[in-house]
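The values are calculated or read from the model by the stated rules, or taken from the named source; none is laboratory data. Computed from a predicted structure; not experimentally measured. Quick reminder, even Gly has a Cβ in these numbers, built from the backbone with ideal geometry, and neighbours come from all protein chains shown. Ligands, DNA and RNA are stripped out before the accessible areas are found, and what is left, the full protein with its side chains, is counted by its heavy atoms. Shrake-Rupley method; radii C 1.70, N 1.55, O 1.52, S 1.80 Å.
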Amino acid sequence: MSKKVRVRFAPSPTGGLHLGGVRTVLFNYLFARQHDGDFIVRIEDTDQNRFVKGAEAYIFECLQWCGLNPDESVLHGGPYVPYRQSERKEIYRQYAEQLIKDGRAYYAFDTPAELERMRDLLKTKGSSSLQYDHHVRMNMNNSLRLLPEETQQLLDAGTPYVVRIKINPDEFVPFTDMIRGEISFDTNAVDDKVLLKADGMPTYHLAVVVDDFLMKITHAFRGEEWLPSAPVHILLWQYLFGLENMPQWAHLPLILKPDGNGKLSKRDGDRLGFPVYAMDWADPVTKEITKGFKEIGFLPEAFINLLAVLGWNDGTEQEIFSMEELITKFNIEKVHKGGAKFDFEKAKWFNHEWIKKLDVSHYAERVKNIFESKGISIADDAYLKKVMELVKERCTLLPDFFTQGIFFFQAPATVDTTSIQPKWDEKKNMFFVELIKSWQLSTLWNSAELEISFKELAAANQLKTGELMLPLRIMLVGGKFGPGVFEIASAIGKESTIKRIEYTLALLQ
């Protein structure tokens, strides 16, 4: 009987949640749901120097907005508590001690000054590597060089130390990546990574292996930047738990800058004018706010969709995928090996498609908040939804509903009479005077009846309807935009329609 699929995402609470991080969550989530498995979120907070207050709560807010809710986490509980690594500190120590006992790791008492001298000496010798590895460790202050009694004296005296893995040279560490296939690492290029820090906290290398074993993780998808760490993790699995218990891994391709030159960063987003975080991130120290996709007006459905196809497709021309379709069609083996360039214009296209695809009720509350944040009180939700249906085809981001729909709630602040005046004459002026009288007497006020009466009056005055439509549009909305002009008149009502026509006619005198 095969093991139940259990996949995990292990973020560090150090700041905003980057596009690459959300995509990693998404692929883990899809794989778990596809195999009726469990999706676990574990907080990697062992690096207390990088810990940022509020970042953990922010991570879960982002996941909730994206619809990527875990089965087990610090918020949801589960059978393998605690899910915060800082609360599992003593668990890791016993495994570090076991590695030392088995000759697979060692105590290192080197001070920062001693480590700096080591690097300076390597530089002087022209070494291409400044790593703490098999070339230098027998010249350093560690338990491999010291006599056992000397090591014990330092431990008894409370001398600060770290625990390092002992990497044997001239070996090869192979493994099979679910995306990249067979990979092999030369241990001569791998240093003796720190497993347990001087404060007693584990490093990522030890903690991720121990926790994945204890929490029965079967699959783990992470960014390709973690590939260089893979040999250390594989060896730890071999030394502690056996390779047969190691999860299957997939190292996801990077999300690249729009020009393809390097990994996309927050700095690139700032420079090019688009977000790289899922949601707004407020730095607790500087109070600087970094914009997120949610706040600039993305729908979560679009955000998930665009991330899913960054480096993956199902082998067809399909681009729009619902979460249900992604769960059905996702295949980790179809994830590309190469990095995927981020295109913000394409990202906005996804959002536009999802705005059109979804019923406006899915995002009406967010649009209502946008209007009210700009001082427009919405008293009738049904009317707002009607307006949203009329303008949704023209909206790429949610704030576009305000710019495209504000004239449904108030008369335009300015009217583009310069676009009317070149072809304006007394005959057209008289037409609109008559139109006002006709519409004032009208007992029916719907788009179809308004269009019929408008065209009949134009014909009676021997005027082309096309030459009158643009002036009417500008009178009602202020410019050359908006949905069907008779739909607008029908929505804003008789009184408002007539007042706007009268106002513009006065401007044209």
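The residues listed here are TRP249, TRP281; of these, the one that is in contact with a His (Cβ under 8 Å, 6 or more places away or on another chain) and of a type in the set (A, V, I, L, M, F, W, C) is TRP249. Residues in the range 158-180 that are assigned to a strand (DSSP E or B) and either β-branched (Val, Ile, Thr) or outside the structural domain of GLY103 (by TED's automatic domain parsing) (or both): VAL162, VAL163, ILE165, VAL173, THR176. Among residues that are open to solvent by less than 80 Å² (accessible area, probe 1.4 Å), out of contact with any helix residue (DSSP H, G or I) (no Cβ under 9 Å at 6 or more places or on another chain), part of a helix (DSSP H, G or I) and in contact (Cβ under 8 Å) with a residue 60 or more places away in the chain, ILE91 is not included. A Cβ distance below 8 Å, combined with a sequence gap of six or more or placement on separate chains, defines the contacts here; from the range 1-23, residues that are at positive phi and not assigned by TED's automatic domain parsing to the domain that holds TYR204 reach residues that are of a type in the set (Asp, Glu) and open to solvent by 20 Å² or more (accessible area, probe 1.4 Å) in the pairs GLY15/ASP283.
Among the residues of the range 313-367, just one is open to solvent by less than 20 Å² (accessible area, probe 1.4 Å) and among the polar types (S, T, N, Q), namely ASN351. Scanning the range 429-470 for residues that are open to solvent by less than 70 Å² (accessible area, probe 1.4 Å), among the hydroxyl-bearing types (Ser, Thr, Tyr) and not in a helix (DSSP H, G or I) gives a single hit, SER442. Taking (1) closer than 30 Å to MET323 by Cβ; (2) part of a helix (DSSP H, G or I); (3) free of Cβ contacts under 8 Å to residues at least 40 places away in the same chain in turn, ILE378 satisfies each apart from (2).
For the residues LEU122, LEU195, LEU155, LEU115, the requirement of being crowded, with 18+ Cβ neighbours inside 10 Å, in contact (Cβ under 8 Å) with a residue 12 or more places away in the chain and either aliphatic (A, V, I, L, M) or in a helix (DSSP H, G or I) (or both) singles out LEU195.
Answer yes or no: is there a residue in the range 220-230 that is surrounded by 18 or more Cβ atoms within 10 Å (Cβ to Cβ) and more than 27 Å from HIS18 (Cβ to Cβ). No, because not a single residue in the range 220-230 is surrounded by 18 or more Cβ atoms within 10 Å (Cβ to Cβ) and more than 27 Å from HIS18 (Cβ to Cβ). Scanning the range 43-56 for residues being within 18 Å of the chain's Cα centre (by Cα) and either farther than 10 Å from PRO13 by Cα or not in a helix (DSSP H, G or I) (or both) gives a total of 2.
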